[in-house]
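A short worksheet on the structure shown next.
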Amino acid sequence: MFLRGAVDELRSRRPGMMTLISLAIVVAFGYSLAVTFGLHGMDFWWELATLILIMLLGHWIEMSAVMGAQDALGQLAKLLPDEAERVIGGVDGATETVPVGALSLGDLVRVRPGSSVPVDGEIVDGRSDLDESLLTGESKPVSRTVGEQVIAGSISGTGSLVVRVTKLGGDTALAGIMRLVSDAQASKSGTQVLADRAAAWLFYVALAAASLTLVVWAILRPGDPSFVLERVVTVLVIACPHALGLAIPLVAQISTAIGARNGLLIRDRHAMEDARLIDVVLFDKTGTLTEGRQGVVAVVTADGQPENAVLSLAASVEAPAEHPIARAIVTEAKTRRVALVRADEFEALGGRGATAVIDDVSVTVGAPRLLAERGLAPSDRLAEAAREAAGRAQTVVYVIHGSEVIGFISLADVVRAESAEAVRLLHDRGVRVAMLTGDSREVGEAVARQLGIDEVFAEVLPGDKAATVAQLQKDGSRVAMVGDGVNDAPALAQADVGIAIGAGTDVAIESAGIVLASSDPRGVAKVITLSAATYRKMLQNLAWATGYNVVALPLAAGVATGIGILVSPAFGAVLMSVSTIVVALNAQLLRRIRI
C-alpha cells in the first residue's frame, strides 16, 4: 500500500507522506538484506516489522476518522426508502409496491403514518406533521397539507398522505443536499492549502535532514555504519507528515458533517473559514426575516371610489405578474369574488410596480416613489392613511387610473417568529445586523424596530443590492449577505460570505458559499459559531503537527546522543503514530460543540 502510494505521488510529481514512508522502508529493508548476506553491521528486521505495523495502524486510524466524518452522506442516503406505494386509478385507488426507481413524474404515491417520503412532490390528499430534522436541522415537525410541497426523506407523523411526484432521483432536494455535502468535503480551505504545502515541503526538509544526518555521523562515526543508517532511517520515519496531512482535512470533514446535521450546507470551504471574521450580516427582508407571504390588509380608496372597483383594476393589472405583492392582490380579489377585466400592454416596472391598459386607460399599481417620478400626489386623506399603514410595517401600493390616484392597497409580510432571536444571537457575538428591502423606508424601519436591527437600506432596487453590499465593505467590514431570490444573486456573490436560504431559488443557492437547508435565519449565527470552532481546531492541529516535527526531527538525527537520548526507528514510528492519534482525537472533539 505504501509503495503503491509512493509510485502514484512520484508519477504526479507531488512527493509526500507515502514517498517518505516508502523511502524509510526501502532503506531499512535494503540495509538489513545486505547485512543478512554478509555486510558488516546490525540488521533492522525487527525494527522494520514494527515500523510497518505501526505505520499501518496510523493509516487505519486516519482512514477510519475520515470515513467516519463522511458518514454524513451515508446517513442522508438512509433517509430514502427503497420502495414506494404507487396509487393506481386516482387518489382513492388501490396501491402497488414498486421500487422508487420505477416511479415517473406525475405518479401518485401513498405515504403512510411513520414512513418516509420516497420522492419530492406535492400533496394532493391528506394532512400530516412531517419530521424534516435530518434535512433542515429543525427538530419541530412541520404541518403539511394539500397543495404544499414535501421533501424526499422526511418522515410522516400520524397522518396519511397522497403525493404527486414532481422530482425524481438526482433532482430531489435530498440529492442536491448530498451533492453539496460531497463537494464541500472534497473542497479545500485556505488553511488546508497551507497545510498541504507544508506537508509537501516536509518531504524535502526530511530528505535534507536525512542527508545531513548521514554526512555528519559518517564523519563522526566512520566505523559504525549500522548506527549511521539507524539515524537516517529514524529521521525519515519521524518526518512522515501523517499528522500534518490529517490535521486540516479531518477537521473540515467533521465540520461539514456537523453542519449537514444542523441544516447548514457548505458549498465552499473558503466561505465557512471566512464566516468567523464577519462584522456585518445583511439580511434581505422578504423571505429571510419574513415568511415572504404578502396578504392584503386593507383597500383604501379616494372619495367616491368603491373598494371592489379599485381592487378589480389592481388585480387585473397584476394578474400576469409573479411578484409576491401581485399574487397577494390577485388572491384577495379571488377571495372577495371580484371579477377581473381584460388588461392589455402589461409592463413590469422593475422594483416599482406594474402597468397595463384597461378600457383604453393606463392603470398603474406601484410603490410610493412611482408617484414622485410621475409628479402625482394622493389626497391628504389617502396620504395620512398610507403613513399610518407604513408605520405598522405594512407595504403600500397605489392604484393610479390615468393621472388620478384612486386609492391604495396595504399589505403585510409576516415576520418570522425566529427572526428576533436570530438578530439577538448575532448581537451577542458582536456582529452588526443590517437589512435591505425594496419596500418604503417606513416599512423597513418598522420591521427593524420590531427585530432590533441596527441599519436599514430601504427602497433598494434589485440591481442595487450588490452596491449596498459594496457600500458596507468600504470601511473594511467583512459582510455576510443572506438572501433567497434571483435578484439576490449578485449581492450574494459580492459579499465576503454569501448565505442562501434553502427555500430560495437555484440561482441564489448557486451564488452562495453556504446554504441554510431550512428558512430559519437563526442558522446564520450557527454558521459563525461552527466557523470559529472549526478554525480553532485547525490551528490546534497545525500547531501540534508542526511542533512535533520541530522537536522530534533533531532528536531522531541524534543531537541529544551526548546526554543519552537516542530514538530508535521503531520508537520513531511510535512517536509518528502518536502524533496522528492526537490530531485525530483532537479533531473528534469538534463533535462536542453545540451550535
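Please compute, over every Cα-Cα pair in the chain, the percentage with a separation greater than 43 angstrom. Cα-Cα pairs in the chain separated by more than 43 Å: 41 percent. Label-to-label distance for Asp360 and Ala298 is 3.7 nm, based on points extended 7 Å past Cα in the beta-carbon direction.
In debye, nearest 20, what is the charge dipole magnitude of segment 291-414 about its Cα centre with +1 on Lys and Arg Cβ and -1 on Asp and Glu Cβ, if you could check? Please report the intermediate quantities before stating the final value.
Numbers: 12 positive and 17 negative charges, 71 e Å.
Here the size comes out at about 340 debye.
Close amide-amide hydrogen proximity is noted between Thr290 and Arg416, each under 5 Å apart and 5 or more residues distant or on a separate chain (H modeled in the peptide plane; Pro and chain starts excluded). Taking the longest Cα principal axis of the chain as reference, the axis of helix 380-391 is set at about 30 degrees.
Identify the trypsin sites (Lys or Arg not before Pro) of segment 1-59 meeting these criteria: DSSP loop state and at most 16 other C-beta atoms within 10 Å of the C-beta.
Numbers: sites: Arg4, Arg11, Arg13; in loops: Arg13.
Filter output for segment 1-59: Arg13.
With a cut-off of at most 11 other beta carbons within 10 Å, and DSSP calling the residue loop, which trypsin sites (Lys or Arg not before Pro) in segment 253-348 qualify? Please list them. Walk me through the numbers before you get to the answer.
Details: sites: Arg261, Arg267, Arg269, Arg276, Lys285, Arg293, Arg327, Lys334, Arg336, Arg337, Arg342; in loops: Arg267, Arg336, Arg337, Arg342.
Sparse-neighbourhood loop trypsin sites (Lys or Arg not before Pro): Arg337, Arg342.
For the pair Ser403 and Ala532, the difference between a 0.36 nm per residue extended length and the Cα-Cα distance amounts to 40.8 nm.
Here the extension length gained between Ala94 and Glu347 equals 86.2 nm, from 0.36 nm per residue of separation less the Cα-Cα distance. Taking 0.36 nm per residue of separation and subtracting the current Cα-Cα distance, fully stretching the chain between Ser477 and Val26 would add 157.0 nm. Amide H contacts of Ser362: Gly402, each under 5 Å away and 5 or more positions distant or on a separate chain (H built 1.01 Å from N in the peptide plane; Pro and chain starts excluded).
Nearest 0.05, what FRET efficiency do Arg327 and Asp8 give at R0 = 41 Å with Cβ-Cβ as r? Intermediate results must be reported in sequence, preceding the final value.
On the way: r = 57 Å, r/R0 = 1.39.
Efficiency, rounded to the nearest 0.05: 0.10.
Cβ crowding within 10 Å ranks His40, His401 as His40, His401, fewest other Cβ atoms first.
Report the FRET efficiency, 1/(1 + (r/R0)^6), for Val124 and Arg449, where r is their Cβ-Cβ distance and R0 is 56 Å, rounded to 0.05. Walk me through the numbers before you get to the answer.
Working: r = 42 Å, r/R0 = 0.75.
Approximately 0.85, to the nearest 0.05.
By the helix-only formula, in which each DSSP H run with n ≥ 4 contributes -39500 (n - 2.57) and the sum is divided by residues, the chain has a 222 nm mean residue ellipticity of -15500 deg cm²/dmol. This ranking places Val361, Val423, Val235 by how few other beta-carbon atoms lie within 10 Å of each, fewest first, which gives Val361, Val423, Val235.
Distance from the C-alpha centroid of segment 453-485 to that of segment 1-28: 50 Å, rounded to the whole angstrom.
Roughly how many debye, to the nearest 20, is the charge dipole of the chain about its Cα centre, given +1 on each Lys and Arg Cβ, -1 on each Asp and Glu Cβ, and no other charges? Working shown, then result.
On the way: 51 positive and 64 negative charges, 416 e Å.
Taking the Cα centre of the chain as origin, the dipole is about 2000 debye.
Between the C-alpha center of segment 389-413 and that of segment 283-335 there is a gap of 9 Å.
What the phi angles of segment 363-378 give under the Karplus curve with 6.51, -1.76 and 1.60, with θ = phi - 60°, is a coupling list of 10, 10, 10, x, 5, x, 5, 5, 4, 5, 4, 9, x, 9, 9, x Hz, glycine and proline written as x.
Straight-line reach from Lys167: taking Cα to Cα under 15 Å and skipping same-chain neighbours fewer than 8 places apart, the aspartates and glutamates in range are Asp107, Asp120, Glu122, Glu148, Asp506. Between Ala448, Val26, Gly263, the Cα set farthest toward the positive side of the dipole of the chain (charges on each charged residue's Cβ, about the Cα centre) is that of Val26. Straight Cα distances below 17 angstrom link Lys474 to the aspartates and glutamates Asp279, Glu455, Asp464, Asp496, with same-chain residues fewer than 8 positions distant left out.
Say R0 is 41 Å: what FRET efficiency, to the nearest 0.05, do Ala377 and His427 get from their beta-carbon distance? Working shown, then result.
Working: r = 40 Å, r/R0 = 0.98.
Efficiency at R0 = 41 Å is approximately 0.55.
Backbone amide hydrogens, once placed in the peptide plane, bring Val456 within less than 5 Å of Met435, excluding anything fewer than 5 places away on its chain.
Filter the GluC sites (Glu not before Pro) in segment 306-347 down to the DSSP loop ones having no more than 10 other Cβ atoms within 10 Å, then list what survives. Before the final figure, lay out each step's value.
Details: sites: Glu307, Glu318, Glu322, Glu332, Glu345, Glu347; in loops: Glu322.
Those satisfying the criteria are Glu322.
So if I place +1 on the C-beta of Lys and Arg and -1 on the C-beta of Asp and Glu, and nothing else carries charge, what would the dipole magnitude of segment 267-323 be about its Cα centre? I want it in debye, nearest 20.
180
Bear in mind that the values in this text are calculations on the coordinates, not laboratory data. Just so it is clear, the model here is predicted, and its values are computed rather than measured. Heads up, the Cβs are rebuilt from the backbone with ideal geometry, glycines too, and the neighbour counts pull from every protein chain shown.
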